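Right, one structure below, let's go through it.
The values are calculated or read from the model by the stated rules, or taken from the named source; none is laboratory data. All values derive from a computational prediction rather than experimental measurement. Methodologically, a virtual Cβ is constructed for each residue, glycine included, from the backbone with ideal geometry; neighbour enumeration extends over all protein chains shown.
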Amino acid sequence: MTSTGHTPTPPTPAELLAELAAQEDRLVLPQFTHEDAWALGSLLMRLAREREAPVAIDIRRGAQQLFHCALPGSSADNDAWIDRKRRVVERYAESSYRVGTRFRAKGTTFEDSSRLDPDVYAAHGGSFPIAVEGAGVIGTVTVSGLPQAEDHALVVEALEQFKS
């Protein structure tokens, strides 16, 4: 609630899509090494622990998993969600939340309209492209265990802190 006592109006799908695109544009990294994966993963783990968030965290460069952590309260289901969300980023080179939001903005769902197997792909928030200047998308950072907007926000917060 705001100080006026009113609940803030959620963004329209178009506003949310613009915000998600701006995040991806802003969070391009100068480089991404194995050490960077460890630092980013450790930062995500610390943020999640501070909030007692029951999440699993995964960072990949190409096909190689560089970091994985499962915090208390997470399960093997979170690992399956990570794989499905990550595949969306690998296919579209955009965050899984942005892809799903784009379908919802058109009045449909990813599951109904993408023609992709929902057991393999999930356009739910939490997986974000790791983009490097001059190289494009080279990997993914994914969180699973919270509602999709919160999974996405946790990844964005960590990337913003990591980049600064």
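Annotations
- Residue list for the range 141-153, filter: over 8 Å from the mean Cα position of the chain (by Cα) and either surrounded by fewer than 16 Cβ atoms within 10 Å (Cβ to Cβ) or not in a loop (DSSP other than H, G, I, E, B) (or both): 144, 147, 148, 149, 150
Table: residues versus (1) farther than 29 Å from residue 103 by Cα; (2) assigned to a strand (DSSP E or B); (3) touching a Lys or Arg at 6+ places or on another chain (Cβ under 8 Å); (4) among the small types (Gly, Ala, Ser).
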{"position": "21", "(1), (2), (3), (4)": "no, no, yes, yes"}
{"position": "24", "(1), (2), (3), (4)": "no, no, yes, no"}
{"position": "38", "(1), (2), (3), (4)": "yes, no, no, no"}
{"position": "52", "(1), (2), (3), (4)": "yes, no, no, no"}
{"position": "59", "(1), (2), (3), (4)": "no, yes, no, no"}
{"position": "66", "(1), (2), (3), (4)": "yes, yes, yes, no"}
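- Test: residue in the range 106-116 that is among the charged types (D, E, K, R), modelled with pLDDT under 95 and closer than 24 Å to residue 22 by Cα: yes
- Which listed residue, of 17, 47, is farther than 20 Å from residue 81 by Cβ and either in contact (Cβ under 8 Å) with a residue 24 or more places away in the chain or β-branched (Val, Ile, Thr) (or both): 17
- Failed item in (1) under 17 Å from the mean Cα position of the chain (by Cα); (2) free of Cβ contacts under 8 Å to residues at least 40 places away in the same chain, with residue 64 passing the rest: (1)
- Given (1) of a type in the set (Asp, Glu); (2) modelled with pLDDT under 95; (3) surrounded by 19 or more Cβ atoms within 10 Å (Cβ to Cβ), index of the condition residue 94 fails: (2)
- Of 19, 52, all but one fail to be on the phi > 0 side of the Ramachandran plot and not hydroxyl-bearing (Ser, Thr, Tyr); the exception is 52.
- Test for residue 89: is it part of a helix (DSSP H, G or I), under 30 Å from residue 30 (Cβ atoms) and touching a Ser or Thr at 6+ places or on another chain (Cβ under 7 Å): yes
- Against the test of being among the β-branched types (Val, Ile, Thr), closer than 17 Å to residue 66 by Cβ and touching a residue at least 12 places away in the same chain (Cβ under 8 Å), the options 156, 141 yield a single qualifying residue, 141.
- Options 52, 15: the member that is at pLDDT below 95, more than 13 Å from residue 139 (Cβ to Cβ) and of a type outside the set (Val, Ile, Thr): 15
- Failed item in (1) farther than 18 Å from residue 44 by Cβ; (2) acidic (Asp, Glu); (3) crowded, with 17+ Cβ neighbours inside 10 Å, with residue 117 passing the rest: (3)
- Boolean, residue 158 is touching a helix residue (DSSP H, G or I) at 6+ places or on another chain (Cβ under 6 Å), closer than 15 Å to residue 23 by Cα and buried (at least 21 other Cβ atoms within 10 Å of the Cβ): yes
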